[in-house]
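Beneath this line is the structure, given in structure tokens, with notes to follow.
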Amino acid sequence: MVKSKLYKEIEKKNANKEQVAETVMEQPELIPELMEGVANEKLSLKFGCEKILRLISEQKPELLYPYFDEIAAFLDSENKIIKWGAIITIANLTVTDNKNKFEKIFKKYYASVSGPDMIMVANIFKSSEKISTAKPKLTEKIAKEILKFETASFERKGKLDPECSHVAYGHAIDALSILYGSIKGKKAVARFVKKQVGSPRTSTAQKAEEFEKKFGIS
């Protein structure tokens with residue numbers, strides 16, 4: 001599959017991204033072309049290449065690990081979708097991170113916890129379990145970063161939107177529920193969750209209540 005054919009496959013109207021990912025996993029020499037595609041100005045190609053890289057990271061992270069630094073650079077992208085994808089892909093790569101590259105970008109990875117992009121924060125929280133499993137020594141540090149969310153503010157269409165915070169709190173509680181048993185700073189987490197028992201968002205309030213019951217917090 002030559003470069004032009006790869007891109008043509010990705011840009012097809014009903015392109016089968018999973019199938020393209022399978023092809024690239026069989027021919028990993030094509031990965032640099034995907035990396036170049038993410039930098040392309042054509043959005044269909046840009047997003048298609050990002051999606052395929054993400055699929056590969058889920059199935060064969062070892063194939064993408066040599067490109068860890070380049071993928072980490074996507075966190076600086078001006079395109080939100082590319083940044084969202086990078087958060088997920090990087091988390092998938094931590095299982096193969098024998099050179100501790102993630103530790104070097106830890107602060108950058110969690111920098112967006114303070115907002116204003118709710119989807120970015122949700123992706124970070126959802127990915128934290130995978131990172132903690134791959135790198136248990138970072139679990140305490142990850143929990144502390146999630147707690148910083150308490151000072152976050154979010155925007156929708158350029159205006160502050162408290163509802164986004166209520167939604168993201170639910171994702172934060174989900175993440176902390178998974179990390180809770182492995183951390184020492186349980187009191188700070190318990191206080192964080194307890195404040196959400198009265199959340200105006202029903203699902204978030206329920207998650208806080210379930211957290212308290214699960215861990216015997218009163």
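The values are calculated or read from the model by the stated rules, or taken from the named source; none is laboratory data. If you're wondering where the values come from, they're calculated on a predicted model, not measured in any experiment. Positions of Cβ are generated from backbone atoms using ideal geometry, with glycine treated the same way; all protein chains shown enter the neighbour counts.
Some observations on this one:
- When segment 146-166 is filtered for residues that are under 26 Å from residue 214 (Cα atoms) and buried (at least 20 other Cβ atoms within 10 Å of the Cβ), the ones remaining, listed by number, are 146, 149, 164, 165.
- Filter result for the condition that a residue is modelled with pLDDT under 95 and in a helix (DSSP H, G or I), over 9, 50: 9
- Number of the condition not met by residue 56 [criteria: (1) out of contact with any helix residue (DSSP H, G or I) (no Cβ under 6 Å at 6 or more places or on another chain); (2) touching a residue at least 12 places away in the same chain (Cβ under 8 Å); (3) aliphatic (A, V, I, L, M)]: (1)
- Given (1) among the polar types (S, T, N, Q); (2) modelled with pLDDT of 95 or more; (3) within 30 Å of residue 24 (Cβ to Cβ), index of the condition residue 139 fails: (3)
- Selection from segment 204-218 of residues that are surrounded by 12 or more Cβ atoms within 10 Å (Cβ to Cβ) and either among the hydrophobic types (A, V, I, L, M, F, W, C) or farther than 22 Å from residue 148 by Cβ (or both): 205, 206, 208, 209, 210, 211, 215, 217
- Residues in segment 108-134 that are at pLDDT 95 or above, out of contact with any helix residue (DSSP H, G or I) (no Cβ under 6 Å at 6 or more places or on another chain) and crowded, with 17+ Cβ neighbours inside 10 Å: 109 only.
- Listed conditions (1) closer than 23 Å to residue 6 by Cα; (2) within 14 Å of the chain's Cα centre (by Cα); (3) surrounded by fewer than 17 Cβ atoms within 10 Å (Cβ to Cβ); (4) hydrophobic (A, V, I, L, M, F, W, C) are all met by residue 43, apart from (2).
- Note on segment 12-47: residues that are within 15 Å of residue 82 (Cβ to Cβ) and either in a helix (DSSP H, G or I) or among the β-branched types (Val, Ile, Thr) (or both) amount to 10.
- Scan segment 186-200 for residues that are part of a loop (DSSP other than H, G, I, E, B) and closer than 16 Å to residue 149 by Cα and the total you get is 3.
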